[in-house]
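See structure below.
The values are calculated or read from the model by the stated rules, or taken from the named source; none is laboratory data. These figures come from a predicted structure and were not determined experimentally. Using ideal geometry, Cβ is built from the backbone for each residue, glycine included, and neighbour counts are taken over all protein chains shown. What goes into the accessible areas is simple: the full protein's heavy atoms, side chains included, and nothing from ligands, DNA or RNA. Shrake-Rupley method; radii C 1.70, N 1.55, O 1.52, S 1.80 Å.
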Amino acid sequence: MVVRILIPLFIVMFVMAGFYWWYTKKMADMQPGDSERSLPGARLTSERLRSMPHPPWRVVFEIGEKSLGNIDHVVIGPCGPIAIETIMADRPSLEAVEAQSNAAQVMANAAITRGELDDVTSAVGVPCKLLAKVYWGTPVPDRPAGIAVTEGLVAVEGQRLEQWLMMLPPGSLGAAQVDQVWQAVLTGIGRPDPLA
């Protein structure tokens with residue numbers, strides 16, 4: 001009889017001690033301190049994209065890796081869908097981009113990265129032809145906001161992402177098509193239909 005009471009009592013005490021340890025650790029992590037804490041890169045990109053005017057732009061925010069691989073945002077505008085991959089590093093220099101000897105491999109890798117998104121958007125007749133790698137490193141204001149790495153791939157400075165998007169040449173997509181692509185991407189990754 002005593003054993004049947006003591007065993008659950010010890011289990012409850014063990015669980016409570018574990019919860020207390022976890023809680024104090026989380027509270028200590030939230031305290032201000034001298035160490036720098038980094039924000040997730042996708043969150044930085046998300047905050048920058050929230051100021052995009054809609055219409056004509058639509059954004060699918062913070063996509064998980066299980067949905068579209070390395071693509072963490074999709075921006076849809078008059079120029080078509082743009083896959084966004086956020087990278088927490090300095091953007092490569094123009095010299096490094098021009099010195100690439102394997103441009104065909106880089107182009108193929110970009111096409112593979114945006115492949116799943118292209119499948120979703122092509123279903124509504126608008127293929128995804130551009131991957132923008134958004135770098136959140138040290139800003140270099142004397143360089144362009146976006147540098148074409150190869151066909152279908154652009155390296156963009158995160159701090160000037162909105163500026164780069166607004167400077168893109170206007171495309172042929174109307175507001176209804178932009179909404180259709182936006183709807184296809186959202187439902188394609190398992191989110192609710194925004195236009196239902």
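For the range 59-110, which GluC sites (Glu not before Pro) are in a loop by DSSP, counting at most 15 other Cβ atoms within 10 Å?
Answer in residue order: Glu62.
With every protein chain present, what is the per residue accessible area of the chain (1.4 Å probe, Å²)?
Here the per-residue accessible area is 61 Å².
On a 0 to 90° scale, report how tilted helix 103-113 is relative to the longest principal axis of the chain, with both axes built from alpha carbons and the result rounded to the nearest 10.
50 degrees
I'd like the orientation of helix 175-188 relative to the chain: the angle between its Cα long axis and the longest Cα principal axis, in ° from 0 to 90, rounded to 10.
Tilt of helix 175-188: around 40 degrees.
For the range 130-170, which whole-number percentage of the solvent-accessible area (1.4 Å probe, protein heavy atoms only) is attributable to carbon and sulfur atoms?
C and S atoms contribute 60 percent here.
In what sequence, largest accessible area first, do Trp22, Trp57 appear using a 1.4 Å probe?
Largest accessible area first, the list is Trp22, Trp57.
Tell me, what does the Kirkwood hydrodynamic radius of the range 39-190 come to in angstroms if you use every pair of distinct C-alpha atoms?
15.5 Å
So which lysines can Lys26 reach, going by Cα to Cα under 27 Å and dropping same-chain residues fewer than 8 places off?
Straight-distance partners of Lys26: Lys66.
Looking at the range 39-190, send over the antiparallel percent of its DSSP beta bridges, to the nearest 5.
So the antiparallel bridges in the range 39-190 amount to around 50 percent.
Put Phe10, Phe61 in order of accessible area, largest first, 1.4 Å probe: what do you get?
Descending accessible area places them as Phe10, Phe61.
Give the ranking of Ile7, Ile84 by solvent-accessible surface, highest area first, calculated with a 1.4 Å probe.
Final ranking, largest accessible area leading: Ile7, Ile84.
Counting only residues 5 or more places away or on other chains, whose amide H sits under 5 Å from the amide H of Thr86 once H atoms are built in the peptide plane?
Here Asp72, Val134 satisfy the definition.
Residue by residue through the range 74-86, which ³J(HN,Hα) values in whole Hz follow from phi under the Karplus form 6.51 cos²θ - 1.76 cosθ + 1.60 (θ = phi - 60°), with glycine and proline marked x?
Each residue of the range 74-86 in turn: 10, 10, 10, x, x, 8, x, x, 10, 7, 10, 10, 8 Hz.
Once both axes come from the Cα atoms, what is the angle between helix 2-30 and the longest principal axis of the chain, in degrees from 0 to 90, rounded to 10?
40 degrees
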